[in-house]
Amino acid sequence: MLKLKFIGNDETVYDLEVSPGSSVMENAVRNSVPGIEAECGGACACATCHVYVDPDWMAKVGEPEPMEEDMLDFAIDVRANSRLSCQIEMRDELDGLTVRIPERQG
Ligand code: FES
């Protein structure tokens, strides 16, 4: 199992233990972490699973693919560390990953 931390807009911290191969979005939904709507169910087609990757993790998480980049244009308050959480797959390298949930998704 891998550790995954969400920090809510109100600073509430959600510490999860998650399986390799699961997406960050799936784990938020499965654990009822508020603020990740994921309307399209992970198809990279809605931008309501937007998160801010902790700066310390940016290099390991990597850059979005072009399709995700296009979809991020529909997210609110996009920053340099914005990602769509359905497109981040948990792997050993990401053990301990921390992401922040934006104020709103749309
Ligand atoms: Fe729709 Fe991620 S869940 S883009």
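The values are calculated or read from the model by the stated rules, or taken from the named source; none is laboratory data. Not measured: the values here are computed from a predicted model. Positions of Cβ are generated from backbone atoms using ideal geometry, with glycine treated the same way; all protein chains shown enter the neighbour counts.
The residues of region 1-49 that are in contact with a helix residue (DSSP H, G or I) (Cβ under 6 Å, 6 or more places away or on another chain) and of a type in the set (Val, Ile, Thr), listed by number, are VAL18, VAL24, ILE36.
For region 1-51, give me each residue that is under 25 Å from MET67 (Cα atoms), more than 12 Å from the ligand (Cβ to nearest atom) and crowded, with 19+ Cβ neighbours inside 10 Å. Residues satisfying the conditions are LEU4, PHE6, ASN27, GLY35. Of all residues in region 1-43, those that are modelled with pLDDT of 95 or more and assigned to a loop (DSSP other than H, G, I, E, B) total 21. Restricting the first member to region 90-103 and to residues that are more than 15 Å from ASP10 (Cα to Cα), and the second to residues that are exposed (fewer than 14 other Cβ atoms within 10 Å of the Cβ) and of a type in the set (Lys, Arg), the beta-carbon pairs closer than 7 Å and six or more apart or on different chains are GLU93/LYS60; LEU94/LYS60. Of the residues making up region 70-97, those that are surrounded by fewer than 18 Cβ atoms within 10 Å (Cβ to Cβ) and out of contact with any Pro (no Cβ under 7 Å at 6 or more places or on another chain) number 10.
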